[in-house]
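Scroll down for the structure; my scribbles are underneath it.
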Amino acid sequence: LLSVQCRGDLRQQQRGPPSDQRWCGAPGGGEDHRPQPGVRFSGGAGGQGAAIGQEDLPSFGGLMTLHPADPADRIIVALDGMAPEQALRFAGQVEGLRWVKVGLELFVQAGPEVVAQLREMGLRVFLDLKFHDIPATMAGACRRAAALGAELITVHACAGSEALKAAQAAAVEGAQGAGQPAPTLLAVTVLTSWEEQRLQRELAIAQGIAERVPALAQLSATSGIGGCVCSPLEAAALRAQHPEPFALVTPGIRPKGAAVGDQARVMGPAEAIAAGASQLVIGRPITKAEDPSAAFAACCGELLG
Ligand code: C5P
């Protein structure tokens, strides 16, 4: 279960500027991210995620560090359905926001510049472009994405071990070369839009989704990928198979009172973390809220219990 004691008002917690991170190009740079005395954060299924001591920083994907006591580090707001200027304005308005997700639609419209602009605003970026290509192209794309300062980058596990290994190595090199924070690659296993029968009918994939998701997660882990994107309903099983620091990032999150919308299978923020998720992607419950800062604070509040 999630167990947090947090000092201070959440709304007063500062957004981490780029200098508030660990940098590939500046070892030991930035502020000390170790938990404050008295802060304990435990979570995860099957007894994973034991209390974190002061010397024992959690590291997602073995690379990226987060502030374990801070729920704002656990929530990634998806900047979907916004024009570039609107996305930047929105990101600048949400009090305490740390992480944003840039998806295909925004990236295709705004280009790499939007990542740089969000970074300049002190935000950490999940670049969700779901790369799937031959090894050299995957490697090139991940190198460039990491050099932009994206700290979470999605790839398709189906690209195979050679491409995944090449992508991982190139991402680390790209970040190092550009003096950017160490990136974590996240593998997409089976897109939740797929149904088992259609996988079989259209792609001749006989393996059931319940077997395929853990098999692709395993392939990703053995290829050196730092985590997976998964449904919160898959988080407990994957966490049992992959202890931290393997990252499990889950969309399909609905805080108390939020509309479910087109998400078929949802979970609350605290439940998802308790199931083993390391970070949550939340879009419309925050982006469409009348008061996005209040909605973000409410999500953080749910994590504090
Ligand atoms: O608005 P909402 O909270 O549903 O947004 C969730 C985000 O996570 C969107 O960016 C959506 O594309 C993404 N996503 C998802 N389900 C998946 C994978 C990604 O909702 N299986």
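Computed from the coordinates by the stated procedures, all read-outs in this text should not be read as laboratory data. Please read these numbers as outputs of a predicted model, since none were measured by experiment. Don't worry about glycine lacking a Cβ; one is built from the backbone with ideal geometry, like all the others, and counts go over all protein chains shown.
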| query | What are the residues whose amide H is under 5 Å from the amide H of CYS228, where those residues sit 5 or more places off or on another chain and H is modelled from the backbone? | reply | ALA187, ALA247, LEU248, VAL249
| remark: Which residues qualify? For ILE76, with a placed amide H closer than 5 Å and at least 5 residues away or on another chain, they are LEU280, VAL281, ILE282
| said: Test of understanding: what is the full-extension gain from GLU85 to GLU290, defined as 0.36 nm times their sequence separation minus their Cα-Cα distance? | reply: 71.9 nm
| message | Run the numbers for ALA240 and THR137: contour at 0.36 nm per residue of separation, minus the present Cα-Cα distance, in nm. | response | 33.8 nm
| FRET efficiency for LEU304 and GLN197, Cβ-Cβ distance as r, R0 = 35 Å, nearest 0.05? | 0.25
| said: Show me, for segment 126-142, the HN-Hα J-couplings you get by feeding each phi into the Karplus relation (A = 6.51, B = -1.76, C = 1.60, θ = phi - 60°), rounded to Hz, glycine and proline as x. | reply: 9, 9, 9, 9, 6, 5, 8, 7, 5, x, 5, 6, 4, 4, x, 5, 5
| query | How about LYS130: which lysines have a C-alpha closer than 19 Å to its C-alpha, ignoring those fewer than 8 places off in the same chain? | reply | LYS101, LYS165
| So what's the convex hull volume per residue for the Cα atoms of segment 217-305, in Å³? | 95
| query | What Kirkwood hydrodynamic radius do you get for segment 144-239 when you take the inverse of the mean 1/r over all pairs of distinct Cα atoms, in Å? | reply | 14.1
| remark: Packing-ranked peptide list from 188-197, 282-291, 74-83, highest mean Cβ count within 10 angstrom first, is 74-83, 282-291, 188-197
| Per-residue HN-Hα couplings for segment 231-240 [Karplus 6.51, -1.76, 1.60; θ = phi - 60°; Hz; x = Gly/Pro] | 5, x, 6, 9, 5, 4, 5, 5, 5, 4
| note | Sequence order, segment 161-166: Karplus ³J(HN,Hα) from phi using 6.51 cos²θ - 1.76 cosθ + 1.60, θ = phi - 60°, Hz rounded, Gly and Pro as x, gives 4, 4, 5, 5, 5, 5
| query | Convex hull over the Cα atoms of segment 156-305, averaged projected area in nm²? | reply | 10.4
| request: For GLU95, list long-range residues whose amide hydrogen, built 1.01 Å from N in the peptide plane, is under 5 Å from its own amide hydrogen. | output: SER293
| field | Length released on extending from GLU120 to GLN218, taking residue separation times 0.36 nm less the Cα-Cα span | value | 31.7 nm
